[in-house]
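Trainee: Got a structure for you, questions after.
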Amino acid sequence: MKIDAVAQRYQISAPTLRYYERQGLLGPVQRVHGVRDFCQADLDRIDFILCVKQCGMTLKEMKHFIDMYHQGDTTIDERLAVLQHQLSVSQQRQVQLAQSIEHLKTKIGDVRALQAHSQTK
């Protein structure tokens, strides 16, 4: 799959994909006549990158995880620990976000009550 199709599929820019490759998060991506040709393993890696990025993992942390992956099974325990930590952090953020949403709902209710009161005058 060519870079433009991959970028469109994942709703990210082609320069972002090139950056991920330069940073060692991807690839190296196979090239056909000098044009990047993403295979299923590359797409799976992009899925992983976007997932953990959405969960708040930094590019540096992703690179460290991917480097451990390349070291093989000797890093399984450490990789598991990294993923479990990221899950814990993400769950904490989720709780905080839920609390913020409830606070916003309360404030919206307060403002609607003020609005209704001011319209009856």
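Trainee: Which whole-Hz ³J(HN,Hα) couplings does the stretch 64-72 yield from phi under the Karplus relation 6.51 cos²θ - 1.76 cosθ + 1.60, θ = phi - 60°, glycine and proline marked x?
Mentor: 4, 4, 5, 4, 5, 4, 5, 6, x
Trainee: In degrees from 0 to 90, rounded to the nearest 10, what is the angle of the helix 76-119 Cα long axis to the longest principal axis of the chain?
Mentor: Roughly 30 degrees, rounded to the nearest 10.
Trainee: Hey, which aspartates and glutamates would be in cross-link range of residue 105, C-alpha to C-alpha under 17 Å, not counting anything within fewer than 8 residues on its own chain?
Mentor: none
Trainee: Next question. Near the amide H of residue 37, under 5 Å away, which other amide H atoms are found, from residues 5 or more places off or on another chain, if H is placed in the peptide plane?
Mentor: For residue 37, the qualifying residues are 30, 31, 32.
Trainee: Placing unit charges on C-beta atoms (Lys and Arg positive, Asp and Glu negative, everything else neutral), compute the dipole magnitude of the stretch 8-94 about its Cα centre in debye, rounded to 20. Don't skip to the end; give the middle numbers.
Mentor: Numbers: 11 positive and 10 negative charges, 87 e Å.
Dipole of the stretch 8-94, to the nearest 20 debye: 420 debye.
Trainee: Also: Using the per-residue mean of other Cβ atoms lying within 10 Å as a proxy for protection, in what order, highest first, do the peptides 42-53, 103-114, 22-33 fall?
Mentor: Values: 42-53: 16.3, 103-114: 10.0, 22-33: 13.3.
Output ranking for 42-53, 103-114, 22-33: 42-53, 22-33, 103-114.
Trainee: Under 20 °C and 1.002 mPa s, how fast does the stretch 19-84 diffuse according to Stokes-Einstein, given a Kirkwood radius computed over C-alpha pairs? Answer in µm²/s, whole number. Don't skip to the answer; put the middle values down first.
Mentor: Details: Rh = 12.7 Å.
Diffusion coefficient, whole number: 169 µm²/s.
Trainee: Whole number please: convex hull volume per residue of the Cα set in the stretch 3-119, in Å³? Mind showing how you got there, number by number?
Mentor: Details: hull volume 15.9 nm³, N = 117.
It comes to 136 Å³ per residue, whole-number rounded.
All of the numbers you see were taken from the coordinates with simple rules; none came from a lab. Note that the structure is predicted; figures quoted are calculated from it, not measured. Neighbour counts are summed over all protein chains in view; Cβ atoms, including those assigned to glycine, are modelled from backbone coordinates with ideal geometry.
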